[in-house]
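Working notes, structure below.
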Ligand SMILES: NC(=O)c1ccc[n+]([C@@H]2O[C@H](COP(=O)([O-])OP(=O)(O)OC[C@H]3O[C@@H](n4cnc5c(N)ncnc54)[C@H](OP(=O)(O)O)[C@@H]3O)[C@@H](O)[C@H]2O)c1
């Protein structure tokens with residue numbers, strides 16, 4: 001028997017083109033003290049290129065660390081604080097509300113760890129930048145190998161490489177890609 005959260009994730013997986021995008025150090029670190037512990041312009045431009053003109057979803061802490069809405073994207077932030085609001089940002093209080101926004105384009109799940117942890121099972125794809133090296137950090141990327149199959153390197157740079165993973169439950173839809 002599936003619980004309510006599993007049923008919601010099934011609904012999100014089926015109804016939305018939701019994909020995750022993340023940059024993860026070789027020791028699993030994604031953040032430290034509410035910021036990203038590296039600055040790699042090529043990796044940032046990969047992120048920008050992938051998410052341009054689509055919707056981006058992030059946790060309130062990740063939004064605060066960036067400090068402003070990402071330009072040329074529909075910005076969606078999840079928070080339990082009913083008073084939290086920012087200009088040009090759609091605020092949601094729970095993941096079910098994603099189904100009520102009428103999102104037609106790709107919805108990119110942009111972190112942080114809490115949001116990845118909750119939504120990775122509902123993402124059709126994962127674009128993972130592996131940042132070469134080990135970085136001290138207080139925020140780690142959740143386990144994903146049990147959910148995603150097929151790994152293809154789509155970009156290789158001196159400081160990082162990007163792999164595309166497909167949700168095991170969606171592999172059949174990508175048989176020809
Ligand atoms: N390397 C990368 O690719 C990458 C990407 C993104 C972020 N990061 C890093 O990750 C760190 C932040 O991650 P984090 O896990 O601490 O925080 P986060 O996921 O960005 O945000 C957590 C907040 O989101 C809200 N939230 C999460 N789940 C919710 C739910 N089910 N319902 C309602 N609200 C919910 C809550 O906000 P309220 O507390 O307001 O209720 C919660 O405190 C930072 O260091 C950031 O730089 C790294």
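Report the calculated FRET efficiency for residue 101 and residue 154 (r = Cβ-Cβ distance, R0 = 25 Å), to the nearest 0.05.
0.30
What is the chain's relative contact order, in percent, from Cα pairs under 8 angstrom and six or more apart in sequence?
31
With n ≥ 4 as the cut-off for DSSP H runs, can you work out [θ] at 222 nm for the chain, using -39500 (n - 2.57) per run divided by the number of residues, rounded to the nearest 500?
Rounded to the nearest 500, it is -6000 deg cm²/dmol.
Compute the normalised compactness of the chain: alpha-carbon radius of gyration over 2.2 N^0.38 Å, N being the residue count.
So the Cα radius of gyration is 1.00 times the expected 2.2 N^0.38 Å.
How do 16, 99, 8 rank when sorted from fewest to most other Cβ atoms within 10 Å of their own Cβ?
With the fewest neighbours first, 16, 99, 8 line up as 99, 8, 16.
So how do 89, 162 line up by other beta-carbon neighbours within 10 Å, fewest first?
Going from sparsest to densest Cβ surroundings: 89, 162.
We did not get these values from a lab; they are worked out from the coordinates using the rules stated. Please read these numbers as outputs of a predicted model, since none were measured by experiment. Here the Cβ is made from the backbone with ideal geometry for all residues, glycine too, and neighbour counts use every protein chain on show.
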